[in-house]
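Participant: Right, I'll just put the structure down here and ask away after.
The values are calculated or read from the model by the stated rules, or taken from the named source; none is laboratory data. It should be emphasised that the depicted structure is a prediction, and the values quoted were computed from it without experimental measurement. Virtual Cβ from ideal backbone geometry, glycine too; neighbours counted across all protein chains shown. Note: areas computed on protein heavy atoms with side chains; ligands, DNA, RNA excluded. Shrake-Rupley method; radii C 1.70, N 1.55, O 1.52, S 1.80 Å.
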Amino acid sequence: MQRVRTAVLMSALLALAACGVLPPANLIAPRLSFSDLAIRDVGLSEIRFALQVSAENPNEVDIPLRNVAFELDLLGSAFASGTVAGGQVDLPAHGQREIPVEFTVPTMRLIEVFARLRDASLEGPVYRLRGSATWGHSGIAVPFERSGDLEALRRLRQILGTPASRARGPTDPGARDALLRYSISS
(Lines give C-alpha, C1' and ligand atoms only; values in the text may rest on other atoms or scores of the structure.)
Protein backbone atom coordinates (compact mmCIF):
# COMPACT_ATOMS: atom_id res chain seq x y z
CA MET A 1 0.00 0.00 0.00
CA GLN A 2 2.87 2.38 0.85
CA ARG A 3 4.46 1.75 -2.57
CA VAL A 4 1.19 2.58 -4.31
CA ARG A 5 0.91 5.90 -2.42
CA THR A 6 4.52 6.77 -3.24
CA ALA A 7 3.99 5.91 -6.93
CA VAL A 8 0.81 8.02 -7.09
CA LEU A 9 2.52 10.96 -5.34
CA MET A 10 5.55 10.79 -7.66
CA SER A 11 3.28 10.61 -10.73
CA ALA A 12 1.32 13.64 -9.52
CA LEU A 13 4.52 15.63 -8.92
CA LEU A 14 5.88 14.74 -12.35
CA ALA A 15 2.59 15.77 -13.96
CA LEU A 16 2.64 19.09 -12.10
CA ALA A 17 6.22 19.75 -13.16
CA ALA A 18 5.44 18.88 -16.77
CA CYS A 19 2.49 21.30 -16.78
CA GLY A 20 4.62 24.17 -15.49
CA VAL A 21 2.91 24.31 -12.10
CA LEU A 22 6.25 23.76 -10.35
CA PRO A 23 9.41 25.76 -11.06
CA PRO A 24 12.14 23.90 -12.96
CA ALA A 25 15.19 22.83 -10.93
CA ASN A 26 17.63 24.65 -13.24
CA LEU A 27 15.89 28.04 -13.17
CA ILE A 28 18.24 30.99 -13.78
CA ALA A 29 17.48 34.26 -11.95
CA PRO A 30 16.20 37.04 -14.23
CA ARG A 31 18.51 40.01 -14.90
CA LEU A 32 17.14 43.28 -13.53
CA SER A 33 17.78 46.93 -14.31
CA PHE A 34 16.04 49.99 -12.89
CA SER A 35 14.72 53.19 -14.45
CA ASP A 36 12.13 55.95 -14.19
CA LEU A 37 12.08 56.57 -10.45
CA ALA A 38 9.20 58.90 -9.64
CA ILE A 39 7.68 60.31 -6.45
CA ARG A 40 3.97 59.44 -6.30
CA ASP A 41 2.96 61.00 -3.00
CA VAL A 42 4.66 62.98 -0.24
CA GLY A 43 3.25 62.98 3.27
CA LEU A 44 4.55 63.90 6.69
CA SER A 45 5.10 60.27 7.68
CA GLU A 46 6.03 58.62 4.37
CA ILE A 47 6.92 59.10 0.72
CA ARG A 48 5.56 56.79 -1.97
CA PHE A 49 7.71 56.04 -5.02
CA ALA A 50 7.17 54.29 -8.33
CA LEU A 51 9.98 52.58 -10.21
CA GLN A 52 10.20 50.74 -13.53
CA VAL A 53 12.15 47.50 -13.36
CA SER A 54 13.25 45.91 -16.61
CA ALA A 55 13.40 42.12 -16.12
CA GLU A 56 15.06 39.87 -18.69
CA ASN A 57 14.23 36.16 -18.43
CA PRO A 58 17.08 33.96 -19.78
CA ASN A 59 15.10 30.74 -19.21
CA GLU A 60 13.30 28.53 -21.70
CA VAL A 61 10.10 28.74 -19.64
CA ASP A 62 7.82 31.60 -18.66
CA ILE A 63 8.19 32.71 -15.04
CA PRO A 64 4.77 33.30 -13.43
CA LEU A 65 5.21 35.24 -10.18
CA ARG A 66 2.47 36.20 -7.74
CA ASN A 67 2.48 38.05 -4.41
CA VAL A 68 5.80 39.75 -5.14
CA ALA A 69 6.99 41.73 -2.12
CA PHE A 70 10.41 43.08 -1.17
CA GLU A 71 12.44 45.01 1.39
CA LEU A 72 15.31 47.34 0.55
CA ASP A 73 18.22 48.13 2.87
CA LEU A 74 20.52 51.10 2.20
CA LEU A 75 23.83 51.60 3.95
CA GLY A 76 23.14 48.60 6.19
CA SER A 77 19.73 49.74 7.50
CA ALA A 78 16.13 49.07 6.55
CA PHE A 79 14.99 51.68 4.06
CA ALA A 80 11.84 50.72 2.14
CA SER A 81 9.34 47.99 1.49
CA GLY A 82 7.14 47.48 -1.52
CA THR A 83 5.30 45.30 -4.00
CA VAL A 84 4.90 44.82 -7.71
CA ALA A 85 1.98 46.94 -8.90
CA GLY A 86 -0.92 44.54 -9.39
CA GLY A 87 0.75 41.85 -7.26
CA GLN A 88 1.69 39.57 -10.16
CA VAL A 89 3.92 39.44 -13.20
CA ASP A 90 4.64 36.91 -15.94
CA LEU A 91 8.12 37.02 -17.45
CA PRO A 92 8.11 35.54 -20.97
CA ALA A 93 10.67 32.85 -21.84
CA HIS A 94 13.79 34.43 -23.42
CA GLY A 95 12.01 37.77 -23.18
CA GLN A 96 12.00 41.08 -21.38
CA ARG A 97 9.26 42.88 -19.50
CA GLU A 98 8.89 46.26 -17.81
CA ILE A 99 7.52 45.82 -14.30
CA PRO A 100 5.99 48.71 -12.35
CA VAL A 101 7.08 48.62 -8.70
CA GLU A 102 5.68 50.72 -5.88
CA PHE A 103 7.41 51.27 -2.57
CA THR A 104 7.06 53.40 0.52
CA VAL A 105 9.82 55.07 2.54
CA PRO A 106 9.15 56.52 5.98
CA THR A 107 10.15 60.20 5.79
CA MET A 108 12.46 59.92 8.81
CA ARG A 109 14.36 57.02 7.19
CA LEU A 110 15.00 59.13 4.10
CA ILE A 111 16.33 61.95 6.26
CA GLU A 112 18.50 59.46 8.21
CA VAL A 113 19.99 58.08 4.97
CA PHE A 114 20.88 61.60 3.78
CA ALA A 115 22.52 62.30 7.14
CA ARG A 116 24.44 59.00 7.19
CA LEU A 117 25.45 59.21 3.53
CA ARG A 118 27.86 62.03 4.24
CA ASP A 119 30.00 59.91 6.59
CA ALA A 120 29.22 56.39 5.35
CA SER A 121 31.79 54.15 3.73
CA LEU A 122 30.62 53.27 0.25
CA GLU A 123 32.97 50.30 0.07
CA GLY A 124 31.25 46.98 -0.53
CA PRO A 125 27.52 46.56 -1.09
CA VAL A 126 25.53 49.76 -0.59
CA TYR A 127 22.10 48.20 -1.06
CA ARG A 128 20.48 44.86 -0.30
CA LEU A 129 17.20 43.89 -1.94
CA ARG A 130 15.43 40.83 -0.59
CA GLY A 131 11.95 39.46 -0.87
CA SER A 132 9.80 36.66 -2.10
CA ALA A 133 7.12 35.70 -4.57
CA THR A 134 5.08 32.58 -5.23
CA TRP A 135 5.41 30.47 -8.38
CA GLY A 136 2.09 30.94 -10.15
CA HIS A 137 -0.82 29.66 -8.11
CA SER A 138 1.21 26.79 -6.62
CA GLY A 139 1.98 28.51 -3.32
CA ILE A 140 5.67 27.55 -3.70
CA ALA A 141 7.83 30.38 -2.35
CA VAL A 142 10.52 31.83 -4.59
CA PRO A 143 12.83 33.91 -2.38
CA PHE A 144 15.29 36.37 -3.89
CA GLU A 145 18.16 38.50 -2.66
CA ARG A 146 20.53 40.84 -4.42
CA SER A 147 23.09 43.36 -3.20
CA GLY A 148 25.39 45.80 -4.87
CA ASP A 149 26.36 49.38 -5.54
CA LEU A 150 24.15 52.35 -6.41
CA GLU A 151 25.90 54.98 -8.51
CA ALA A 152 23.12 57.47 -7.69
CA LEU A 153 24.14 57.40 -3.99
CA ARG A 154 27.76 58.14 -4.94
CA ARG A 155 26.63 61.11 -7.01
CA LEU A 156 24.34 62.34 -4.24
CA ARG A 157 27.26 62.08 -1.83
CA GLN A 158 29.28 64.34 -4.17
CA ILE A 159 26.57 66.96 -3.94
CA LEU A 160 26.20 66.66 -0.16
CA GLY A 161 29.97 66.55 0.35
CA THR A 162 31.62 66.71 3.75
CA PRO A 163 30.59 69.39 6.28
CA ALA A 164 33.53 71.61 5.23
CA SER A 165 32.89 71.22 1.51
CA ARG A 166 29.17 72.00 1.96
CA ALA A 167 30.15 75.37 3.40
CA ARG A 168 32.23 76.05 0.26
CA GLY A 169 29.74 74.41 -2.12
CA PRO A 170 30.16 71.26 -4.21
CA THR A 171 33.73 70.44 -5.20
CA ASP A 172 32.51 69.72 -8.73
CA PRO A 173 30.35 72.59 -10.03
CA GLY A 174 28.63 70.24 -12.47
CA ALA A 175 27.86 67.55 -9.87
CA ARG A 176 24.34 68.78 -9.16
CA ASP A 177 23.47 68.92 -12.87
CA ALA A 178 25.08 65.50 -13.43
CA LEU A 179 22.94 63.96 -10.69
CA LEU A 180 19.79 65.44 -12.16
CA ARG A 181 20.68 64.14 -15.65
CA TYR A 182 21.50 60.70 -14.17
CA SER A 183 18.25 60.55 -12.21
CA ILE A 184 16.16 61.42 -15.24
CA SER A 185 17.92 59.23 -17.80
CA SER A 186 18.71 56.17 -15.63
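Participant: With every protein chain left in place and a probe of 1.4 Å, what is the accessible surface of R66, to the nearest 10 Å²?
Facilitator: 30
Participant: Tell me the trypsin sites (Lys or Arg not before Pro) within the range 79-150 that lie in a loop according to DSSP and have at most 15 other beta-carbon atoms within 10 Å.
Facilitator: Those satisfying the criteria are R118.
Participant: Another question, then. Place a point 7 Å from Cα of F144 in the direction of its Cβ. Which residues in the range 55-77 have their backbone N less than 18 Å from it?
Facilitator: Within reach of a label on F144, which here means backbone N under 18 Å from a point 7 Å along Cα→Cβ, the range 55-77 contributes 55-74.
Participant: What is the sum of charges, Lys and Arg at +1 and Asp and Glu at -1, for the other residues whose Cβ falls under 15 Å from the Cβ of P58?
Facilitator: Net charge in that neighbourhood comes out at -1.
Participant: Ok, one more. In whole Hz, what ³J(HN,Hα) sequence does the range 145-158 give by Karplus (6.51, -1.76, 1.60; θ = phi - 60°), x for Gly and Pro?
Facilitator: 7, 8, 9, x, 10, 10, 4, 4, 5, 5, 5, 5, 4, 4
Participant: Moving on to the next point. Probe radius 1.4 Å, ligands and nucleic acids left out: which of I39, I140 has the largest accessible area, and how do the rest follow?
Facilitator: Per-residue accessible area, sorted high to low, gives I39, I140.
Participant: Give me the accessible area of D36, 1.4 Å probe, in Å² rounded to the nearest 10.
Facilitator: Approximately 90 Å² of D36 is accessible to the 1.4 Å probe.
Participant: Explain nothing, just the number: relative contact order of the range 28-153, from Cα pairs under 8 Å at least 6 residues apart, as a whole percent.
Facilitator: 25
Participant: State the extension gain, in nm to one decimal, for the chain segment bounded by A78 and A115, taking 0.36 nm per residue of separation less the distance between their alpha-carbons.
Facilitator: In short, 11.8 nm is gained.
Participant: What accessible surface, in Å², does a 1.4 Å probe find on E98, ignoring ligands, DNA and RNA and rounding to the nearest 10?
Facilitator: 90
Participant: Using +1 on the beta carbon of Lys and Arg, -1 on that of Asp and Glu, and nothing else charged, what's the dipole of the range 25-67 about the Cα centre, debye to 20?
Facilitator: On the way: 4 positive and 6 negative charges, 23 e Å.
Here the range 25-67 has a charge dipole of around 100 debye.
Participant: May I ask you to evaluate 6.51 cos²θ - 1.76 cosθ + 1.60, the Karplus curve with θ = phi - 60°, for each residue of the range 97-102 and list the ³J(HN,Hα) values in order in whole Hz, giving x for glycine and proline?
Facilitator: Running phi through 6.51 cos²θ - 1.76 cosθ + 1.60 with θ = phi - 60° gives 8, 8, 10, x, 10, 10 Hz.
Participant: Also: With a ≥ b ≥ c taken as the square roots of the eigenvalues of the C-alpha gyration tensor of the range 44-160, please select rounded if a/c is under 1.5 and otherwise prolate if a/b is larger than b/c or oblate if it is not?
Facilitator: Numbers: a/c = 2.37, a/b = 1.86, b/c = 1.28.
In terms of gyration-tensor shape, prolate.
Participant: Give me the net charge of I111's neighbourhood, meaning all other residues with Cβ under 14 Å from the Cβ of I111; Lys, Arg count +1, Asp, Glu -1.
Facilitator: Result for the local shell: +1.
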